[in-house]
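J.: This is the structure, below, for whatever I ask next.
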Amino acid sequence: GKLSSLHNHLAIKSDGDRLLVEAWLVTCAFPDIPRPAITYHGPQGASKTTAARCIKSISDPSLTESVDLGKSPADLAQVLDHHGVPCFDNLSSIPGWAADLLCRAVTGGAFSKRELYSDDSDIILSFKRPMIITGINIPTHAPDLLDRLLLIELERIASDNRMDEATFWTQFNLEKPKLFGALLDAIAGTLKHLPNVRLDRMPRMADFARWGAAAAESL
């Protein structure tokens, strides 16, 4: 199979964004790479939630398809510690405290809290996570977090192209083994090309840029 066949099931507007999503999926396999959070945005009916579930099912199959930010840094830190690819679905806004912690989750961070029934023992939660965020609008104006997002615009699906969930997931799940095999091929190809990648300049999220360039060569 080809990893680009994934886009038969998604409504991503631009070819460049499609390639970014594929490169992001490749980097999910490597826990030490800081990579931006995929952020799907677009109008109602653009299948943002479905798109998030598709890439999560390939990168981190889980019964928990989406999670909440919680009401405190401790809540969010526990979510980030417990999930390989946390998906925050249908966010209208991200509070400042959550934006700060999500920035740390992209580049690598930790959170300490007091252990229950103890006076001086701490529990340390550490995380560096690939994350998925969806929303009709881009849910933050925080510059530091925006620099750590891949903003992927989806377009509204025309009524004559819509299908019910049962039909969609039957079709997707039939193709998913080939997509996963194609992802493994892309990971192997990325590792092959990575030593030869030379960039003229390094943008923010420089590690992801380098790995993404290698993934693009492979794909």
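The values are calculated or read from the model by the stated rules, or taken from the named source; none is laboratory data. As the structure is a prediction and not an experimental result, all values here were calculated from the model. Here Cβ is always computed from backbone atoms with ideal geometry, including for glycine, and neighbour counts include all displayed protein chains. When the accessible area is computed, the model is the full protein with side chains, heavy atoms only, and any ligands, DNA or RNA have been set aside. Shrake-Rupley method; radii C 1.70, N 1.55, O 1.52, S 1.80 Å.
J.: Restricting attention to segment 16-31, which residues are under 22 Å from GLY108 (Cβ atoms) and not hydrophobic (A, V, I, L, M, F, W, C)?
T.: THR27, PRO31
J.: A further question on this structure: Given the criteria touching a His at 6+ places or on another chain (Cβ under 6 Å) and touching a residue at least 12 places away in the same chain (Cβ under 8 Å), does ARG18 qualify?
T.: yes
J.: Report whether or not ALA213 is of a type in the set (Gly, Ala, Ser) and in a helix (DSSP H, G or I).
T.: So ALA213 fits the description; yes.
J.: Specify which of the listed residues (LEU191, LEU174, LEU184) is more than 23 Å from VAL67 (Cβ to Cβ), within 18 Å of the chain's Cα centre (by Cα) and modelled with pLDDT of 95 or more.
T.: LEU184
J.: Considering each residue of segment 149-188, count those that are open to solvent by 70 Å² or more (accessible area, probe 1.4 Å) and part of a strand (DSSP E or B), and give that number.
T.: Counting residues in segment 149-188 that are open to solvent by 70 Å² or more (accessible area, probe 1.4 Å) and part of a strand (DSSP E or B) gives 1.
J.: While we're looking at this one, here's another question. Just the residues that are buried (at least 21 other Cβ atoms within 10 Å of the Cβ) and either small (Gly, Ala, Ser) or within 22 Å of ARG162 (Cβ to Cβ) (or both), please, taken from segment 22-32.
T.: Of everything in segment 22-32, just one residue is buried (at least 21 other Cβ atoms within 10 Å of the Cβ) and either small (Gly, Ala, Ser) or within 22 Å of ARG162 (Cβ to Cβ) (or both), namely ALA23.
J.: Let me ask something else. Name the residue that is farthest from ARG148 (Cα to Cα), counting only residues in segment 7-41 that are outside any helix (DSSP H, G or I) and of a type in the set (Ser, Thr, Tyr).
T.: Here the answer is SER14.
J.: Please count how many residues of segment 193-209 are under 20 Å from ALA29 (Cβ atoms) and touching a helix residue (DSSP H, G or I) at 6+ places or on another chain (Cβ under 7 Å).
T.: So the answer is 4.
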